[in-house]
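**Q** Have a look at this one.
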């Protein structure tokens, strides 16, 4: 089902060549579902180059000089917003921050009016987070530049999925630009139902060839069994279980999802203590995974709830790496989208 | 009454010459009332140059390099604040943002203490918005640099009036640096009483030679009949009416004002539905204006209230152009004020 | 007790030489208590150089180019935050602002998680303010870069103390890089108990050789008598009194502290009027000090409460100078810490 033919030759030469970037055809990044493997590979190789810019061993490229990048966050976020802003500045862009919750934008102005205003003020790339699933699609239909979805409701968080994949690639597949997770098992644990991170990851992880297991309380898996059976993209099945031991056993990587505390009061969950006992990623459970299995979390973590403190901060955790990789991955994405817009 | 002699020669040569800038004598921009026509013409021609910087066809001039520009907003605003910040950065300034509502500034520190502090921290140009009419005048008396009024209570919003005029000039008067609205009719509709936009526009539009009509419910026109009879600057009369058909008929441009929703509850207005029915700018009413009449609005728009959605987004609307022009106009103003301060 | 030997030669040659900076050994600045006099002198001489950058008579040095400086304020502040940000930018740093109160950081993420995230996002120097005394010490133990304490609870505010000392040095000791306050009397008035400014100043002022008097209502001096008797650093005694006349008499400088209004309701104080009458710095009281004695205040001032308006804005007040000096002092500190980190 999964095409494991390396669609572009792997190796450092490819990583170095800017030529392959012409394979990227998207002006917006709204979700990972439209990304074919060669496009995902472009993000990985681009991010590897950008990581050298981040660490200062490669010069800042200046490829976005004079390009207006605006962040528009209707939900508060430090991690994702700052990551995008640092990425855009390292590329030389002109960055404008609009915290919608704290601004007049929130009061009675329609989303589309706001978007038109920001475009008129010079925004060419719009990084947006919105509580409503699908909002960035609406915006993309009316915005002359590029829209980057930084999280929309429970729907999608594509740059998070790509930075998760890049983090796995650095450890498991570095150098291999084919679907490097073939034969690997990845477990995603927790509040799958409300997780835009899980949804976007299902597309990229299965595209990379992984056997994905999602696991959580039955109330937080609603609808996933049907999707799993049909398969991602109609042909890449995954596994759904409420048995955390089965999910974690022999996994090469385990991703714990953040539990929104408001789910507790919505009747979807037992008490925090019971949730932690049944579905928390503890040291004992992690011991079931493959030796040296990686631990990922999109952050911010509720330590002691969905993840035990000693796992969160243990030697197998790559949570801090994920954050650092996020800057490089977002730089690669900004550059690819900008180039695609230039060609359009 | 209106001097229609072109006080400076019109044409592209003038637009290109920085020499004429010596005619600008103001260190602050508190309102449009003190601007003689040649000064307004300098803003128009300067903005035309800056528009090329905004679109990237002219190099960023760097005329404000090393100059500290601080925005101090006691009322939330995205549009105006971002516009000023983008303008200042395009000129190379060092920009500092102070959102007074969200900062310690709000708590018990006097306005003048805040201003002294910001000046000591390097502010040379202070862009301020304040709910109290006249606040920028107080500040200007104590600030060593330039004060730019970005809206004070119901009193004035000079950069909005100048960008409105520039937008009209691009369509109606481009190239003519004389009072290009002579023989033209402009209608201003809505909550005139509380509108700093209307007040500042009355000065610039009549200076440009326009026949201005203001129109709204009688409760929102209080005091304007007397001003209209005396004339702006004691010699440029305008018209006041509650009859929207009379105001709009044969107008070359119609400006709808934002209705603050709190006016509804203050007993000044009937229901929103009734207000929209009686004073909203609809397609039918716009049809009374001259063919191709321009539709302006300072934003953000209450679509369906003071302006119908099909008019707001229709072919005659220049609302988005106004926003885009705002950056160029503010660049021109920043440069003129900075140069005047340098000469002082 | 106090070593008044000039430990480094004073004079302009020293001010000009970057060599002496190798005497600075601290990667963090958490309080002034660890600073030996030669280190304090490095800040003074460095700030004198940086003051020329601030005024534009010396080129921006670019010594922090490519260095990520992040401000993380859990308490709102305009003065201190903007001061640090302007300082960092004048040195060429990449500045990121995180207003913790207004961001997702505040919600359920631990301080250490936030710090790890900010470091992963590129922060090399972290400027933090926190309501909990000691919080920056915890952070310094986990942060790979430099931590700058911008105020923690009632504990310390080291950059404020150093800018206060620099302000005194410009007036009293300029050119002398030895302990220039030997034989001078400095009075600190007001809410000493809750004041991080007073605590950090006690270290630097006594290190500079000053005879320091602290004065306030008995409820706001709790514990200071014992410290005064033991002496700062076990060997530099100071004076504690409730008699404002005794404190101010013949002082060379008087520092009024900000009174937090919530102290009023906590039963620690009489009414505002009574507090002002008994402990406010009035013109009459200032007349007891040495002729031309300097008046300092860390701001923001409650005029009419701890300081009379005519004193706050009178000829002896150096409050605005303090703010301006803050930028230069923070530039010097940022450069010293960055260099020390580079050597570590």
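**Q** How many Cβ atoms of partner chains, on average, are near each residue of B:300-306 if near means within 10 Å of its Cβ? Don't skip to the answer; put the middle values down first.
**A** Numbers: counts 9, 4, 3, 4, 0, 1, 0.
Mean number of neighbouring Cβ atoms from other chains: 3.
**Q** Need one number: nm distance between label points at residue A:75 and residue B:137, each 7 Å from Cα along Cα→Cβ, rounded to one decimal.
**A** Taking the two extended label points, one gets 4.8 nm.
**Q** State, as an integer percentage, the relative contact order of chain C based on alpha-carbon contacts under 8 Å between residues 6 or more apart. Each step should come with its number before you reach the end.
**A** On the way: 667 pairs, mean separation 71.6, N = 344.
It rounds to 21 percent for chain C.
**Q** How many percent of DSSP beta bridges within the stretch C:160-322 run antiparallel, rounded to 5?
**A** 5
**Q** Can you compute the helix-only [θ] at 222 nm over chain C? Use -39500 (n - 2.57) per DSSP H run of at least 4 residues, normalise by all residues, nearest 500 deg cm²/dmol.
**A** Taking each H run of at least 4 residues, the total per residue is -11000 deg cm²/dmol.
**Q** Here is a follow-up. What is the diffusion coefficient of the protein assembly as shown in µm²/s, taking the Kirkwood radius over Cα pairs and the Stokes-Einstein relation at 37 °C with a viscosity of 0.692 mPa s?
**A** Translational D for this selection: 104 µm²/s.
**Q** What are the nm distances, shortest first, from residue A:142 to its equivalents in the other copies, labels at 7 Å along Cα→Cβ?
**A** For residue A:142, the other copies' label points sit at 4.3, 4.3 nm, shortest first.
**Q** Also, I was wondering about something else. Rounded to the nearest 5, what % of DSSP beta bridges with both residues in the protein assembly as shown are antiparallel?
**A** Counting only bridges with both partners in the protein assembly as shown, antiparallel ones make up about 5 percent.
**Q** Follow-up. Do me a favour and compute the ellipsoid semi-axes for the stretch B:28-90 from its Cα gyration tensor, root of five times each eigenvalue, largest one first, whole Å.
**A** The three semi-axes for the stretch B:28-90 are 20, 19, 12 Å.
**Q** Counting pairs of Cα atoms in the stretch A:110-182, how many percent are more than 21 Å apart?
**A** The proportion of pairs with Cα distances above 21 Å equals 41 percent.
**Q** Could you tell me the calculated FRET efficiency between residue C:250 and residue A:266, based on Cβ-Cβ distance and R0 = 45 angstrom, to the nearest 0.05?
**A** For R0 = 45 Å, the calculated efficiency reads 0.05.
**Q** Same structure, new question: What Kirkwood hydrodynamic radius, in Å, does chain A give when the mean of 1/r is taken over all pairs of distinct Cα atoms and then inverted?
**A** One over the average 1/r among Cα pairs gives 20.4 Å for chain A.
**Q** Here is a further query. Other chains near B:85-97: what is the mean number of their Cβ atoms within 10 Å of each residue's Cβ?
**A** On the way: counts 4, 7, 2, 0, 4, 3, 0, 0, 0, 4, 1, 6, 4.
Mean shielding by partner chains, rounded to a whole number: 3.
**Q** Follow-up. Output the antiparallel fraction of DSSP beta bridges having both residues in chain A, as a percent to the nearest 5. Walk me through the intermediate numbers first.
**A** Values: 2 of 37 bridges.
Close to 5 percent.
**Q** Along each principal axis of its Cα atoms, how long is the stretch B:160-322 end to end? Whole angstroms, biggest number first, please.
**A** Taking max minus min along each principal axis of the Cα atoms, the stretch B:160-322 gives 44, 36, 25 Å.
**Q** How many Cβ atoms of partner chains, on average, are near each residue of A:316-329 if near means within 10 Å of its Cβ?
**A** 2
**Q** What list do you get for C:157, B:142, B:194 if you sort them by fewest beta carbons within 10 Å? Before the final figure, lay out each step's value.
**A** Numbers: C:157 26, B:142 12, B:194 20.
With the sparsest Cβ surroundings first, the list reads B:142, B:194, C:157.
**Q** Using a label position 7 Å from Cα in the Cα→Cβ direction, what is the ascending list of nm distances from residue A:233 to the same site in the other copies?
**A** Relative to the other copies, residue A:233 has label-point distances of 6.8, 6.8 nm.
**Q** Angle, helix C:111-120 long axis vs. longest principal axis of chain C, Cα atoms, 0 to 90°, nearest 10?
**A** For helix C:111-120, the angle is close to 40 degrees.
**Q** How large, in Å, is the stretch C:231-288 by the Kirkwood hydrodynamic radius built from its alpha-carbon pairs?
**A** 13.3
**Q** Pulled fully out, how much extra length does the chain show between residue C:316 and residue C:59, if you take 0.36 nm times their separation in residues and subtract their Cα-Cα distance?
**A** 89.4 nm
**Q** At a 10 angstrom cut-off on C-beta neighbours, averaged per residue, how do the peptides A:266-273, B:163-170 rank from highest to lowest?
**A** Averaged packing, sorted descending, gives the order B:163-170, A:266-273.
**Q** While we're here: What is the fewest-to-most order of C:115, B:307 by other Cβ atoms lying within 10 Å of their Cβ?
**A** Numbers: C:115 24, B:307 29.
The most exposed by this proxy come first: C:115, B:307.
**Q** Could you estimate the translational diffusion coefficient of the stretch C:237-344 from the Stokes-Einstein equation, with Rh from the Kirkwood formula over C-alpha pairs, at 4 °C and 1.567 mPa s, in whole µm²/s? Don't skip to the answer; put the middle values down first.
**A** Working: Rh = 15.7 Å.
D, rounded to a whole number, is 82 µm²/s.
**Q** Quick one: C:124, C:261, fewest Cβ neighbours within 10 Å first, how do they rank?
**A** C:261, C:124
**Q** Between copies, how close do the residue B:261 label points come, placed 7 Å along Cα→Cβ, listed in nm from shortest?
**A** Residue B:261 label point versus its equivalents elsewhere: 3.0, 3.0 nm.
**Q** Just to verify a number: FRET efficiency for residue A:182 and residue A:110, C-beta to C-beta distance, R0 = 41 Å, to 0.05? Could the numbers behind the result be given before it?
**A** Working: r = 46 Å, r/R0 = 1.13.
Step by step, r from the Cβ atoms, then E = 0.35.
**Q** With N denoting the number of residues in the stretch B:88-211, provide Rg(C-alpha) divided by 2.2 N^0.38 Å, to two decimal places.
**A** Working: Rg = 17.3 Å, N = 124, 2.2 N^0.38 = 13.7 Å.
This ratio for the stretch B:88-211 stands at 1.26.
Here, each number is a calculation from the coordinates, and none is a lab measurement. Since the structure is predicted, the reported quantities are computational estimates derived from the model, not experimental observations. Ideal geometry is used to build each Cβ from the backbone, glycine not excepted, and the neighbour counts take in all protein chains shown.
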